[in-house]
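K.L.:
Here you go, one structure.
The values are calculated or read from the model by the stated rules, or taken from the named source; none is laboratory data. Predicted model only: the values in this text are computed from it and were never measured. Virtual Cβ from ideal backbone geometry, glycine too; neighbours counted across all protein chains shown. Heavy atoms of the whole protein, side chains included, go into the accessibility calculation; ligands, DNA and RNA do not. Shrake-Rupley method; radii C 1.70, N 1.55, O 1.52, S 1.80 Å.
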Amino acid sequence: MNLKPTRYIDLTTDYGFKRIFGTEVNKDLLIAFLNEIFKDRKVIQDLIYNQNEHQGDSIEQGAVIFDLTCTAENGEQFIIEMQCSSQVNLKKRMLYYGSKLIADQAPKGERRFWTYNISEVYVIVLMDGFRLTHQTEQYLHDIALCDRNTGTVFYEDLGFTYIELLNFNKTETELQGDLDKWLFVLRNISKLDKLPEFLSKPVFEKVFKIAEYVQLSKGERDMYNVSLKRKWDEYSLLESAKIEGLQQGLERGKLEGIYETAKNMLAFNMDQQMVEKIVNLPVEEIKRLS
């Protein structure tokens, strides 16, 4: 674990994510990023930050949450929840948050004449350090309610977008469009020592300026360092869990092999005591297998 300050802060930490996307003064950056995600579907003209936390959520989840009311250039309004989220119960939590954003639109009083006139709701999740599926190539997942048999979208106004940074491995020459550039910045900015020429565009120039470590006050540096340490601690826990799971799998496989060997020996009428000595299983297990 290397906590030595880099020129630019890690934007996938809680602090880095909030600094770039979570303040009114920088909301132009969030609008630019979201418009790339909704490319050819919506153009966000303005947004309002609503509540940033969900009551009752556990602090251990380590998720940064933005609850946004967005206004498109055609005047329509819709709700986006954007998260830099932990892995714990990810799909169920996102379904819960999306459903809550819908349920909260119901009038508090008389509902008899309410016609369920609810706004569109989208949940966008930036995932760092873990995967949604076992696939290692797809980094953008656009999820909707679909007919299971035909794949036809059943309901347009509820969507989930999962961005797997772990799968985004494009180099400079492979980048296609500004969304790729955004993801490149999010994944690599803390490894760079200057703004690359291919990112010479006002929106990215602003990101790099805000992300400079030397621009942080002492208090901000302390908050960032705590956030960075938390991220690396979570990585360590994930890696430990993977290693432990692998070891357990090997042990299970080894034990299954021993049982299979014992069964084969017994199938050839080998003496039970001889089998017991060879495979080193308790006599009760040998009798059970026979």
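K.L.:
With a Förster radius of 25 Å, plug the Cβ-Cβ distance of LYS39 and THR71 into 1/(1 + (r/R0)^6) and report the FRET value to the nearest 0.05. Walk me through the numbers before you get to the answer.
P.N.:
Numbers: r = 18 Å, r/R0 = 0.71.
Given R0 = 25 Å and the Cβ-Cβ separation, E is 0.90.
K.L.:
Taking 7 Å along the Cα-to-C-beta vector as the label spot, tell me the HIS141-ASP104 distance in nanometres, rounded to one decimal.
P.N.:
Each label point lies 7 Å from its Cα, and together they span 2.4 nm.
K.L.:
What FRET efficiency comes out for LYS218 versus LEU166 if R0 is 25 angstrom and r is the Cβ-Cβ distance? Round to the nearest 0.05. Can you show the working numbers first?
P.N.:
Numbers: r = 33 Å, r/R0 = 1.31.
FRET efficiency, LYS218 to LEU166: 0.15.
K.L.:
In whole percent, and with a 1.4 Å probe on the protein chains, what portion of the accessible area of the stretch 129-217 is carbon and sulfur?
P.N.:
Numbers: 2590 of 5260 Å².
Heavy-atom surface of the stretch 129-217 belonging to carbon and sulfur, 1.4 Å probe: 49 percent.
K.L.:
Find, among the trypsin sites (Lys or Arg not before Pro) in the stretch 171-226, those assigned to loop by DSSP (not H, G, I, E, B) with at most 13 other beta-carbon atoms within 10 angstrom. Walk me through the numbers on the way to the answer.
P.N.:
Values: sites: LYS181, ARG187, LYS191, LYS194, LYS206, LYS209, LYS218, ARG221; in loops: LYS194.
The qualifying sites are LYS194.
K.L.:
If you don't mind, another one. Report ³J(HN,Hα) in whole Hz for each residue of the stretch 92-103, in order, from the Karplus equation J = 6.51 cos²θ - 1.76 cosθ + 1.60 where θ = phi - 60°; Gly and Pro get x.
P.N.:
5, 5, 5, 5, 5, 5, x, 5, 5, 5, 6, 4
K.L.:
Here's a follow-up. With θ set to phi - 60°, apply the Karplus curve 6.51 cos²θ - 1.76 cosθ + 1.60 along the stretch 25-38 and write out the HN-Hα couplings as whole Hz, x wherever there is a Gly or Pro.
P.N.:
5, 10, 5, 4, 5, 5, 4, 4, 5, 5, 5, 6, 5, 8
K.L.:
Also: Computed over the Cα atoms, what is the radius of gyration of the stretch 4-47 divided by 2.2 N^0.38 Å, N being its residue count?
P.N.:
Working: Rg = 12.6 Å, N = 44, 2.2 N^0.38 = 9.3 Å.
That works out to 1.36 for the stretch 4-47.
K.L.:
Then there is this: Collect residues whose amide H, placed 1.01 Å from N in the peptide plane, falls under 5 Å from the amide H of ASN50; neighbours closer than 5 in sequence don't count.
P.N.:
Amide H to amide H, under 5 Å and 5 or more residues apart or across chains, ASN50 pairs with ASP67, LEU68, THR69.
K.L.:
Under the Karplus relation 6.51 cos²θ - 1.76 cosθ + 1.60, θ = phi - 60°, what is the ordered set of whole-Hz ³J(HN,Hα) values for the stretch 181-193, x standing for Gly and Pro?
P.N.:
Going residue by residue, I get 5, 4, 5, 4, 5, 4, 7, 10, 4, 6, 9, 9, 10 Hz, with x marking Gly and Pro.
K.L.:
Cross-link list LYS4/LYS91; LYS42/LYS108; LYS4/LYS194; LYS194/LYS218: which exceed 24 angstrom alpha carbon to alpha carbon? Intermediate values should be presented prior to the final figure.
P.N.:
Values: LYS4/LYS91 34 Å; LYS42/LYS108 30 Å; LYS4/LYS194 17 Å; LYS194/LYS218 22 Å.
Correct reply: LYS4/LYS91; LYS42/LYS108.
K.L.:
Something else now. Between beta-carbons, use under 14 Å as the cut-off and find the net charge around THR133, counting Lys and Arg +1, Asp and Glu -1. The partial results should precede the final answer.
P.N.:
Working: positive: LYS91, ARG131; negative: GLU137, ASP142, GLU164.
Net charge in that neighbourhood comes out at -1.
K.L.:
Another one. Loop-only trypsin sites (Lys or Arg not before Pro) in the stretch 82-163, please: DSSP not H, G, I, E or B, and at most 11 other Cβ atoms within 10 Å. Working shown, then result.
P.N.:
Details: sites: LYS91, LYS92, ARG93, LYS100, LYS108, ARG111, ARG112, ARG131, ARG148; in loops: LYS108, ARG111, ARG112, ARG131, ARG148.
Those that pass, being in a loop and sparsely packed, are LYS108, ARG111, ARG112, ARG148.
K.L.:
Check THR12: other-chain or 5+ apart residues with amide H under 5 Å from its amide H, H built from backbone geometry?
P.N.:
none
K.L.:
Still on this structure, I have one more. Just to confirm a number: summing +1 for Lys and Arg and -1 for Asp and Glu over residues other than GLY159 whose beta-carbon lies under 12 angstrom from that of GLY159, what do you get? Write out the running numbers ahead of the final one.
P.N.:
Working: positive: ARG41, LYS42; negative: GLU81, GLU120, ASP142, GLU156, ASP157.
Value of the local net charge: -3.
K.L.:
Length gain on complete extension for the stretch ILE48 to LYS263, per 0.36 nm per residue less the alpha carbon to alpha carbon distance? Working shown, then result.
P.N.:
Values: separation 215, 0.36 × 215 = 77.40 nm, distance 6.71 nm.
Between ILE48 and LYS263, full extension yields 70.7 nm more.
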